[in-house]
Amino acid sequence: MSYDVIIIGAGVTGAAAARELSRYRLKVLVLEKEAEPAFGVSKSNSGIVHAGTQNPPSSLKGWLCVEGNRMIREELAADLGLHFVQCGQLIAVFDLADLPELETIKAEGEALGVKDMRVVDRAWLDANEPNLGPEVKAALLVPTAGIISPYRFVYALIENAVKNGAELKTSAKVAGIRRREGGGFYVEAGGRVYTTKFLVNAAGLRADEISAMAGAPTFTITPRKGEEYLLDKKREHIANHIIFPLPSKTSKGILIIKTSDGNPMIGPTAHDTGDKDDLATTEEGLAEVLAGARRMMPSVSKGDIIAYFAGLRPVAGKDFIIRHESAAPGLVNAAGIQSPGLTAAPAIAVMIADILKKQGLPLEPKDQFHRLRQRTEHLFMSSPEEARRLIAKNPAYGDIVCRCELVSAQEVRDAVRHGATTLDGVKFRTRAQAGRCHGGFCTTRILKIMQEELGRPVTELTKRGPGSEIVKDERK
Ligand SMILES: Cc1cc2nc3c(=O)[nH]c(=O)nc-3n(C[C@H](O)[C@H](O)[C@H](O)COP(=O)(O)OP(=O)(O)OC[C@H]3O[C@@H](n4cnc5c(N)ncnc54)[C@H](O)[C@@H]3O)c2cc1C
């Protein structure tokens, strides 16, 4: 119950921090209020590994984004067995008079270290992005941008951190923090009290509340809602790059987003809301997203949309807040992690470790750090030869549970064995239930497998934690 570092929040920031700290001889605990990691902001985003453009050269988030992008491309995706696709991004202009703005974005990106950008003309676009509409006149090509599955990124980071000795406690909401005499904190979560020398606050939308609880009410989080609309997989090849319009002051604009799982997405909107739980999509949001996407690609239609969601960016001013709080010695805040937080997370984690070291935490490397994580098999990503090889090795890979997304019984079992305890946890890890039928065909099969693997009655299984049970026990 006594730790060197407690991290609050198992989103991408907390998971990356846990993995980074698990390199060292430290006792590290991650406390997460939800039933599983990645159920906060990190589950509802575009999954873009941003290159770093569209951030002021003086910003912390700009530098951390460029470094996070490099780390994911050059090290992490391979080390953690993640499917990262470096598809590149295009920032499109509808008027050649806006070309100087593209040159400014390019110069600002270069100042941050973004490489190999160039402005491409309409002839290049016709050859490489044939579905673009006639309004698009030119674009800035940014080759280092890519796509990744945001949830699988978080699961891989936390799994690897746990393999290296970090502890994770889910359904453990931090309800109270008290300072200890002589330094450190008592942290009350899930009915227990833990002690720690240092506290890392990676609580996303609730980071302001956690910081205040620890004695540093130094900032406020304003949620900025982003609505996203997922298109059918039959539109998988609608775009070859992630396509952005020229950005506005508060947002990167409505994008056409390739995703690493195949379904393209359109969105997100960017509107401040006063409610940290407001995840509703709206008619206005849909209209805004469709209009924005269709201006760049007129063939996008409402009938292509198979699912939608909203995410809330945790905004605390213009930049990330990553600092030690002198008002609460031992507290390191990683707050206001809005976009591009998914990309920047690995670099944020290194920065957190540096701050902790400066505050007196000894960072002695472990004799053995397990850098590598074995890739999880996914039929939908496999070639026919790879699928045949998998099925020959284990026939359960040929037992298809989710027909929309081609997910086998073995993949569902693997997901549970890797930590999924809820239907959403299985969905985020495997894509089963994420297709056009939304689980209409596969939910009962998945519940049966979960029941077998977890050894729990079906009436205790939930969609996303207590209160979202699927099967009612009539005897109660
Ligand atoms: C619509 C949208 C699109 C985006 N697109 C991109 C993109 O394409 N690329 C990119 O780089 N970034 C993107 N982002 C930003 C990115 O998603 C976030 O920066 C990132 O996910 C933030 O991660 P986090 O770990 O800081 O927060 P979270 O993922 O929210 O994690 C915080 C965790 O803390 C837990 N928590 C809160 N309070 C407590 C408590 N009291 N006790 C215990 N646990 C607690 C929460 O349950 C949560 O799991 C997007 C964001 C949105 C909303």
Quiz item: Take the residues of region 332-388 that are more than 30 Å from ALA432 (Cα to Cα), part of a loop (DSSP other than H, G, I, E, B) and among the aliphatic types (A, V, I, L, M): which is most open to solvent (accessible area, probe 1.4 Å)?
Solution: LEU363
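Each row is one residue, and each column tells you yes or no for (1) open to solvent by less than 10 Å² (accessible area, probe 1.4 Å); (2) under 23 Å from LEU255 (Cα atoms).
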{"residue": "ALA15", "(1), (2)": "yes, no"}
{"residue": "GLU32", "(1), (2)": "no, no"}
{"residue": "SER42", "(1), (2)": "no, yes"}
{"residue": "ASN45", "(1), (2)": "no, yes"}
{"residue": "VAL49", "(1), (2)": "yes, yes"}
{"residue": "VAL93", "(1), (2)": "yes, yes"}
Quiz item: If you check LEU157, LEU140, which single one turns out to be in contact (Cβ under 8 Å) with a residue 24 or more places away in the chain, open to solvent by less than 20 Å² (accessible area, probe 1.4 Å) and away from the ligand (no atom under 16 Å from the Cβ)?
Solution: LEU140
Quiz item: For PRO298, are the conditions met, namely being surrounded by fewer than 18 Cβ atoms within 10 Å (Cβ to Cβ), part of a loop (DSSP other than H, G, I, E, B), more than 11 Å from the ligand (Cβ to nearest atom) and outside the structural domain of ALA156 (by TED's automatic domain parsing)?
Solution: yes
Practice problem: Within region 262-278, track down each residue that is more than 10 Å from the ligand (Cβ to nearest atom) and either modelled with pLDDT of 95 or more or over 12 Å from HIS237 (Cα atoms) (or both). | Solution: PRO264, ILE266, HIS271, ASP272, THR273, GLY274, ASP275, ASP277, ASP278
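Would you mention how many residues in region 18-29 are open to solvent by less than 20 Å² (accessible area, probe 1.4 Å) and either hydroxyl-bearing (Ser, Thr, Tyr) or within 9 Å of the ligand (Cβ to nearest atom) (or both)?
Let us first name the residues in region 18-29 that are open to solvent by less than 20 Å² (accessible area, probe 1.4 Å), namely 18-19, 21-22, 28-29.
So of that shortlist, the ones also either hydroxyl-bearing (Ser, Thr, Tyr) or within 9 Å of the ligand (Cβ to nearest atom) (or both) come out as 22.
Final tally of qualifying residues: 1.
Hey, could you check region 179-195 for residues that are in a strand (DSSP E or B) and open to solvent by less than 50 Å² (accessible area, probe 1.4 Å) and say which is farthest from the ligand (Cβ to nearest atom)?
Of all residues in region 179-195, those in a strand (DSSP E or B) come to 179, 185-189, 192-195.
Then drop every residue that is not open to solvent by less than 50 Å² (accessible area, probe 1.4 Å), which leaves 185, 187, 189, 194-195.
On the way: PHE185: 14, VAL187: 9, ALA189: 6, TYR194: 12, THR195: 16 Å.
For region 179-195, the residue satisfying everything is THR195.
Which one of these is more than 11 Å from the ligand (Cβ to nearest atom) and more than 30 Å from GLY176 (Cα to Cα): ILE48, ILE72, ILE105? Walk me through how you get there before you give the answer.
Working: ILE48 fails: more than 11 Å from the ligand (Cβ to nearest atom); ILE72 fails: more than 11 Å from the ligand (Cβ to nearest atom).
On inspection, the qualifying residue turns out to be ILE105.
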Quiz prompt | Residue satisfying all of: in region 72-91; of a type in the set (A, V, I, L, M) and open to solvent by 20 Å² or more (accessible area, probe 1.4 Å); nearest to GLY133 (Cα to Cα) among these | solution = VAL85
Quiz item: Pairs, please: C-beta under 6 Å, at least 6 apart or cross-chain, first residue touching a residue at least 40 places away in the same chain (Cβ under 8 Å) and in region 86-99, second of a type in the set (Asp, Glu)?
Solution: PHE94/GLU135
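For region 228-249: of the residues being open to solvent by less than 10 Å² (accessible area, probe 1.4 Å) and within 19 Å of ALA434 (Cβ to Cβ), which is farthest from the ligand (Cβ to nearest atom)?
First pass over region 228-249, keeping only residues open to solvent by less than 10 Å² (accessible area, probe 1.4 Å): 228-229, 231, 238-239, 242-244.
Still in the list and also within 19 Å of ALA434 (Cβ to Cβ): 228-229, 231, 238.
Working: GLU228: 6, TYR229: 11, LEU231: 16, ILE238: 18 Å.
Result: ILE238.
Does ALA127 fit the bill of being of a type outside the set (Val, Ile, Thr), over 27 Å from GLY419 (Cα atoms) and within 13 Å of the ligand (Cβ to nearest atom)? Working first, answer last.
Details: of a type outside the set (Val, Ile, Thr): yes; over 27 Å from GLY419 (Cα atoms): yes; within 13 Å of the ligand (Cβ to nearest atom): no.
Criteria not met by ALA127.
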Quiz item: Quick one: would you say GLN410 is crowded, with 16+ Cβ neighbours inside 10 Å, outside any strand (DSSP E or B) and out of contact with any Lys or Arg (no Cβ under 8 Å at 6 or more places or on another chain)?
Solution: yes
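Considering every residue within region 415-422, establish whether at least one is in contact (Cβ under 8 Å) with a residue 12 or more places away in the chain, open to solvent by 70 Å² or more (accessible area, probe 1.4 Å) and not aromatic (Phe, Trp, Tyr). Break it down into steps so the answer makes sense when it comes.
To start, the set of residues in region 415-422 that are in contact (Cβ under 8 Å) with a residue 12 or more places away in the chain comprises 415-422.
Narrowing the set further to residues that are open to solvent by 70 Å² or more (accessible area, probe 1.4 Å) leaves 417-418.
In the following step, the residues that additionally are not aromatic (Phe, Trp, Tyr) were identified as 417-418.
Looking through region 415-422, at least one residue is in contact (Cβ under 8 Å) with a residue 12 or more places away in the chain, open to solvent by 70 Å² or more (accessible area, probe 1.4 Å) and not aromatic (Phe, Trp, Tyr).
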Exercise. Could you tell me which numbered condition GLY176 fails, if it satisfies all but one of (1) surrounded by 15 or more Cβ atoms within 10 Å (Cβ to Cβ); (2) within 12 Å of the ligand (Cβ to nearest atom); (3) farther than 22 Å from LEU342 by Cα?
Key: (1)
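Take region 306-330 and flag every residue that is assigned to a strand (DSSP E or B) and surrounded by 19 or more Cβ atoms within 10 Å (Cβ to Cβ).
So in region 306-330, the residues assigned to a strand (DSSP E or B) come out as 306-315, 321-324.
Listed by number, the residues that qualify are ILE306, ALA310, GLY311, LEU312, ARG313, PRO314, VAL315, ILE321, ILE322.
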Practice problem: Kindly provide the set of residues from region 196-216 that are more than 7 Å from the ligand (Cβ to nearest atom), open to solvent by 30 Å² or more (accessible area, probe 1.4 Å) and touching a residue at least 60 places away in the same chain (Cβ under 8 Å), ordered by number. | Solution: LYS197, GLY215
Quiz item: In the set PRO365, PRO340, which member is in the same structural domain as GLY165 (by TED's automatic domain parsing) and within 14 Å of the ligand (Cβ to nearest atom)?
Solution: PRO340
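Among ASP4, ASP98, ASP116, which is the only one that is among the acidic types (Asp, Glu), in a strand (DSSP E or B) and more than 14 Å from the ligand (Cβ to nearest atom)? So that I can check it myself, show each step before the final result.
Working: ASP98 fails: in a strand (DSSP E or B); ASP116 fails: in a strand (DSSP E or B).
Within the list ASP4, ASP98, ASP116, the selection yields ASP4.
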Quiz item: Restricting attention to region 52-71, which residues are outside any helix (DSSP H, G or I), open to solvent by less than 10 Å² (accessible area, probe 1.4 Å) and of a type outside the set (Gly, Ala, Ser)?
Solution: THR53, ASN55
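The values are calculated or read from the model by the stated rules, or taken from the named source; none is laboratory data. All of these numbers come straight from a predicted model, not from anything done at the bench. Cβ sites come from the backbone with ideal geometry, for glycine too, and all protein chains shown count toward neighbours. For the accessible areas, the whole protein counts, side chains as well, though only heavy atoms, and no ligand, DNA or RNA atoms are used. Shrake-Rupley method; radii C 1.70, N 1.55, O 1.52, S 1.80 Å.
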